[in-house]
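One structure below.
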Amino acid sequence: MSKKHQFSDFYRSKLGFLVVNLLSAVFLIVFVLVIVVFCLKRYTDHGVEVEVPQITGLYLEEAQQLVLENQLQILVVDSTFSSKVPLGTIVEQNPVPMTHVKRHRTIYVVLNARQRRQVPLPELHDLSYRQAQNMLTSLGLIVDSIEYEPSEYKDLILDTRCGNQSVETGKMLTEGTHLILVVGFGQGTEMVPVPDLRGLNQRDARQLLLNNRLTLGAAEYDAEVTEENADRFVVYSQSPAADEMYLEGSSVSVKLSMDLEKTVTEDNEDNEENFF
């Protein structure tokens, strides 16, 4: 019997049919795997890498152009504020420069704010210097220097200044603003005249006392105080009285009211006392 007839008989047998179909299936699987691997290599650019450029320090528009030229993408994931680099520039990137990645990889960046944030000055009066400095630093404000003034209590904040101007609590300041803290060093040794505070609101009274090397002590209001009416209260009585000699650094207590007639009444009572 010829080999051709033998193969034909083998193929017709159950075993031959099974072997031939099994070999065909194996061949088909191998063929499909080769096609899949080839396609995946083309799709994922296997073995094809590009170098990540240096984009920190660049403005976002400049970085986008450079990244596109390198067949990469860019995505801003966060923003921050730093006074050490120009506003609107990139301060951090991932992956880092000089590393090799596949084409079309996304570079994640942190951008410096395009404009400085506005923050309110917190209430610092009577806080310790260390507490005040930590609070200002957390808000992005900078304590530029310290000035010392006489005060009953040592190391407590008496005033906050920007340049030569006092800054009110709650005033909006640009992040990075340099401030001067006025800190008490205890009572001095000289006697100074007490200024007349009547008719002034609490903020102006505090500043006038500081200018005269004194501090504001207890403030008593004759009605409820709110943010809206606080500046309408004025001093109608003070202790010690105006023009008395007082040890520098000592505090002056005041009483405040929205009733301006009290200021006039108190003034008349003082004049009568001085007359008698």
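The table for this structure:
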| item | result |
| --- | --- |
| Net charge of Cβ neighbours under 13 Å - reference residue 99; Lys, Arg +1; Asp, Glu -1 | 0 |
| From the C-alpha gyration tensor of the range 162-236, square roots of 5λ in Å | 22, 22, 10 |
| Förster radius 25 Å - calculated FRET efficiency between residue 203 and residue 87, Cβ distance, rounded to 0.05 | 0.15 |
| Diffusion coefficient, µm² s⁻¹, Stokes-Einstein with Kirkwood Rh over alpha-carbon pairs of the range 26-137 at 4 °C and 1.567 mPa s | 73 µm²/s |
| Size of electric dipole in the range 147-276: Cβ of Lys, Arg +1 and of Asp, Glu -1, about Cα centre, debye, nearest 20 | 560 debye |
| Other-chain or far-sequence residues with amide H under 5 Å of residue 215's (modelled H) | 249, 250, 251, 252 |
| Cβ-placed point charges (K, R +1; D, E -1), dipole of the range 49-159 about Cα centre in debye, nearest 20 | 620 debye |
| Around residue 110: net Lys/Arg minus Asp/Glu count, Cβ-Cβ under 12 Å | -2 |
| Residues whose placed amide H lies under 5 Å from that of residue 123, excluding near-sequence neighbours | none |
| Potential extension, residue 78-residue 161 segment - 0.36 nm per residue separation minus Cα distance | 26.6 nm |
| Computed label-point distance, nm, for sites residue 142 and residue 242 using a 7 Å Cα→Cβ extension | 4.2 nm |
| Inverse mean reciprocal Cα-Cα distance (Kirkwood Rh) of the range 84-207, Å | 17.8 Å |
| Extension gain, residue 134 back to residue 96 (0.36 nm per residue minus Cα-Cα distance, nm) | 10.4 nm |
| Efficiency of FRET between residue 61 and residue 174 - r from beta-carbon atoms, R0 25 angstrom, step 0.05 | 0.55 |
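Every read-out reported here was derived from the displayed coordinates using simple, explicitly stated rules and does not represent laboratory data. None of these values were measured; they are calculated from a predicted model. Methodologically, a virtual Cβ is constructed for each residue, glycine included, from the backbone with ideal geometry; neighbour enumeration extends over all protein chains shown.
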